[in-house]
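> First the structure, then my questions, so here it is.
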């Protein structure tokens with residue numbers, strides 16, 4: 001208590017005493033025991049009131065012992081058991097019981113993990129994926145700014161997520177891995193990866209890339225077989241050794257039938273190979289008969305032509321051919337969409353052919369365009385002539401709703417050049433981009449589309465869009481944003497007028513254990529996303545008569561159905577909107593594939609590097625006593641005694657008020673009892 005507070009308490013006592021003496025003994029000859037009692041209670045009441053005004057504070061110290069945290073992370077994936085779950089559970093329970101000896105020094109908490117960290121649950125070793133780095137990151141977040149050690153019970157085989165070996169350098173707490181599983185290395189041939197395009201086109205060949213690897217010290221030969229829809233289409237013998245332990249084999253496969261083409265690759269096992277689950281892999285390729293042939297017609301050389309060709313052909317479902325206006329009409333027969341770049345009167349024959357073919361057109365105008373010829377050859381737009389060459393800036397029109405172009409960034413794009421001035425549409429026009437010249441919005445658009453008798457005509461009135469693609473690369477370090485924008489324009493022009501209002505997105509093949517989802521988008525008659533749609537998914541397995549109906553749940557801008565619980569097999573499905581009767585169908589396959597079974601031995605070397613990076617140590621099950629002793633003797637985990645000072649003001653002590661009230665009450669009753677006023 002401060003000396004100043006003591007002074008005020010003494011002053012309060014003297015003041016209370018003075019007031020009491022003045023009230024009871026000043027100018028009066030009365031006295032005796034009664035007045036002594038009355039003055040005593042009066043003094044207590046007044047002194048108590050003064051003490052509350054001074055409000056002295058009382059201090060006390062509480063001491064507590066804070067233990068360090070010991071987090072036990074148990075790998076609950078299928079690679080731990082390899083068919084002997086009883087033995088795995090007994091081994092883990094032995095370790096957990098031994099760690100209980102440290103409860104006098106640590107606060108012990110156990111978690112299990114597969115793809116995600118979970119609070120301690122019964123260990124069934126059914127997790128299909130392992131993400132060690134995510135489990136460690138979750139522990140770092142939960143126990144941030146605490147004294148913590150982590151004991152990791154795992155075989156070190158991770159199937160998803162960031163490489164935990166490198167994550168260990170950012171690990172906040174020391175990690176003490178305890179290796180589970182067999183640490184013996186076995187000879188093993190495995191197919192580590194298959195690469196193929198997601199789509200192929202009918203009557204074409206598509207490449208399949210096979211990554212084959214070998215772990216061992218001898219020399220082996222494996223018979224590699226490739227099957228397409230159950231039929232063997234390729235076979236070869238691959239020789240491998242300790243030095244030449246990785247091979248990449250390329251096979252060209254015929255896309256001879258529209259639909260899903262299931263590809264299976266099998267690597268023959270050698271005698272005494274212990275793990276054969278990783279000797280085969282499968283994938284599917286969707287064979288399409290929907291390739292779009294696009295013709296770009298131009299009589300001048302310009303960077304825009306190369307940019308358009310690259311952007312359109314960035315989608316493998318489109319092919320692009322370049323022609324001049326003098327090209328033979330017979331060479332244009334198979335073309336489905338035409339891009340006219342700065343047309344002139346030389347385009348007369350080509351324009352006549354396209355009008356007769358009833359094909360859609362994308363016209364790009366610039367400083368070399370003949371606007372008088374365009375007024376003569378088409379009836380979508382009427383152009384005024386005689387304008388000078390000007391710089392044109394683009395701003396997106398928010399009212400455009402035919403398809404979504406919001407992903408493309410139009411801010412700070414370089415200007416285009418054109419001598420096109422005012423022009424008026426001859427029919428219904430949808431504006432994608434507005435035209436700005438010298439900061440003022442023009443009545444005519446920069447990019448627009450009109451429809452006439454089921455034909456679409458898109459018009460861009462500026463050249464030098466190659467600068468837009470370059471700007472996109474400077475911003476994103478890739479051309480994807482620009483190419484996707486051009487791709488949406490081409491996709492819209494290549495579609496029929498009655499485009500589907502129900503779009504379904506799904507994979508043709510899923511691996512069991514991974515998340516299988518079907519997504520859908522539904523649009524109203526103006527092609528705006530409809531968040532009130534009633535989408536139902538009907539799904540049936542081809543090998544059985546079972547069917548089930550699931551509602552598709554609304555997410556952020558799409559609908560989704562989770563099919564993770566489905567067993568391996570081939571399924572057909574349909575998505576329908578109940579109120580409008582619109583539906584879409586498809587099929588997919590779930591493979592009976594367990595990535596965890598690809599590992600036979602524990603990856604203790606990687607766990608060792610994790611321990612080193614996090615300043616921990618590696619242990620094996622037979623070293624459990626060493627682990628316990630290491631944690632017990634490490635002084636950095638010693639319990640810390642912490643003191644907490646508690647400050648209690650007198651005004652918070654309720655008994656003070658009780659004493660004051662009681663003193664005043666006793667005084668009042670004594671005075672009344674003795675007839676005093």
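The values are calculated or read from the model by the stated rules, or taken from the named source; none is laboratory data. These numbers come from a predicted model, not from an experiment. FYI the Cβ positions are ideal-geometry reconstructions off the backbone, even for glycines, and counts take in every protein chain you see.
> From the list 59, 24, 35, which residue is within 30 Å of residue 649 (Cα to Cα) and at pLDDT below 80?
59
> Which condition number does residue 256 fail, the rest of (1) more than 22 Å from residue 196 (Cβ to Cβ); (2) without any contact (Cβ under 8 Å) to a residue 60 or more places away in the chain being met?
(1)
> Report yes if residue 437 is within 18 Å of residue 397 (Cβ to Cβ) and either exposed (fewer than 14 other Cβ atoms within 10 Å of the Cβ) or over 39 Å from the mean Cα position of the chain (by Cα) (or both), otherwise no. Before you say what the answer is, go through the steps one by one.
Values: within 18 Å of residue 397 (Cβ to Cβ): yes; either exposed (fewer than 14 other Cβ atoms within 10 Å of the Cβ) or over 39 Å from the mean Cα position of the chain (by Cα) (or both): yes.
For residue 437, the condition - within 18 Å of residue 397 (Cβ to Cβ) and either exposed (fewer than 14 other Cβ atoms within 10 Å of the Cβ) or over 39 Å from the mean Cα position of the chain (by Cα) (or both) - is met.
> Could you please give the count of residues in the stretch 566-604 that are within 30 Å of residue 274 (Cβ to Cβ) and either modelled with pLDDT of 85 or more or in contact with a helix residue (DSSP H, G or I) (Cβ under 7 Å, 6 or more places away or on another chain) (or both)?
Qualifying residue count for the region: 7.
> Let me ask something else. Specify the residue that is farthest from residue 293 (Cα to Cα); the eligible residues are those in the stretch 328-350 that are crowded, with 21+ Cβ neighbours inside 10 Å and over 48 Å from the mean Cα position of the chain (by Cα).
347
> Considering only residues that are at pLDDT 80 or above, under 14 Å from residue 450 (Cα atoms) and either surrounded by 14 or more Cβ atoms within 10 Å (Cβ to Cβ) or not assigned by TED's automatic domain parsing to the domain that holds residue 489 (or both), which ones fall in the stretch 356-411?
359, 360, 361, 362, 363, 378, 380, 381, 382
> Restricting attention to the stretch 115-134, which residues are over 17 Å from residue 167 (Cα atoms) and part of a loop (DSSP other than H, G, I, E, B)? First the steps, then the outcome.
Initial filter on the stretch 115-134 (over 17 Å from residue 167 (Cα atoms)): 118-129.
120, 121, 122, 123, 124, 125, 126, 128, 129, listed by residue number.
> Can you tell me which residues in the stretch 281-319 are in contact with a helix residue (DSSP H, G or I) (Cβ under 8 Å, 6 or more places away or on another chain), assigned to a loop (DSSP other than H, G, I, E, B) and at pLDDT below 90?
314, 315 - these are the residues of the stretch 281-319 that are in contact with a helix residue (DSSP H, G or I) (Cβ under 8 Å, 6 or more places away or on another chain), assigned to a loop (DSSP other than H, G, I, E, B) and at pLDDT below 90.
> Which of the residues spanning the stretch 81-100 are modelled with pLDDT of 80 or more and either surrounded by 15 or more Cβ atoms within 10 Å (Cβ to Cβ) or touching a strand residue (DSSP E or B) at 6+ places or on another chain (Cβ under 9 Å) (or both)? Spell out the reasoning first.
Within the stretch 81-100, the first condition is being modelled with pLDDT of 80 or more, and the residues that meet it are 92-100.
Within the stretch 81-100, 92, 95, 96, 99, 100 meet the criteria.
> Further, regarding this structure: Residues that are touching a strand residue (DSSP E or B) at 6+ places or on another chain (Cβ under 9 Å) and at positive phi: does the stretch 429-441 have at least one?
Yes, some residue in the stretch 429-441 is touching a strand residue (DSSP E or B) at 6+ places or on another chain (Cβ under 9 Å) and at positive phi.
> With the condition kept exactly as written, say whether any residue in the stretch 633-644 is on the phi > 0 side of the Ramachandran plot, touching a residue at least 12 places away in the same chain (Cβ under 8 Å), more than 30 Å from the chain's Cα centre (by Cα) and outside the structural domain of residue 148 (by TED's automatic domain parsing).
no
> Sort through 631, 676, 657 and tell me the only one that's under 24 Å from residue 49 (Cβ atoms), in a helix (DSSP H, G or I) and out of contact with any strand residue (DSSP E or B) (no Cβ under 6 Å at 6 or more places or on another chain).
Of the residues listed, the single one that is under 24 Å from residue 49 (Cβ atoms), in a helix (DSSP H, G or I) and out of contact with any strand residue (DSSP E or B) (no Cβ under 6 Å at 6 or more places or on another chain) is 657.
> Any chance you could count how many residues in the stretch 135-166 are part of a helix (DSSP H, G or I) and either outside the structural domain of residue 105 (by TED's automatic domain parsing) or surrounded by fewer than 20 Cβ atoms within 10 Å (Cβ to Cβ) (or both)?
6
> Here's another thing I want to ask about it. Do we find that residue 113 is modelled with pLDDT under 80, crowded, with 16+ Cβ neighbours inside 10 Å and under 27 Å from the mean Cα position of the chain (by Cα) in this structure?
Values: modelled with pLDDT under 80: no; crowded, with 16+ Cβ neighbours inside 10 Å: yes; under 27 Å from the mean Cα position of the chain (by Cα): yes.
When the stated conditions are applied, residue 113 does not pass them.
> Quick one: would you say residue 90 is free of Cβ contacts under 8 Å to residues at least 24 places away in the same chain, closer than 30 Å to residue 276 by Cα and part of a helix (DSSP H, G or I)?
Here the answer is yes, as residue 90 does meet what is asked.
> Sticking with this structure for a sec: Identify all residues within the stretch 439-478 that are modelled with pLDDT of 90 or more and part of a loop (DSSP other than H, G, I, E, B); write none if there are none.
Selection gives 461, 462, 464, 465.
> In the stretch 167-179, what residues are in contact with a strand residue (DSSP E or B) (Cβ under 6 Å, 6 or more places away or on another chain) and part of a loop (DSSP other than H, G, I, E, B)? Give the steps one after another, and end with the answer.
Narrowing the stretch 167-179 to residues in contact with a strand residue (DSSP E or B) (Cβ under 6 Å, 6 or more places away or on another chain): 173-178.
Result: 173, 174.
> Then there's this: In the stretch 554-565, what count of residues is obtained for those that are surrounded by 11 or more Cβ atoms within 10 Å (Cβ to Cβ) and either in contact with a strand residue (DSSP E or B) (Cβ under 6 Å, 6 or more places away or on another chain) or farther than 23 Å from residue 262 by Cα (or both)?
Qualifying residue count, the stretch 554-565: 6.
> Quick one: residue 374 ticks every box in (1) assigned to a helix (DSSP H, G or I); (2) in contact with a helix residue (DSSP H, G or I) (Cβ under 6 Å, 6 or more places away or on another chain); (3) closer than 13 Å to residue 459 by Cα bar one, so which box is it?
Tallying (1) assigned to a helix (DSSP H, G or I); (2) in contact with a helix residue (DSSP H, G or I) (Cβ under 6 Å, 6 or more places away or on another chain); (3) closer than 13 Å to residue 459 by Cα, residue 374 fails exactly one: (2).
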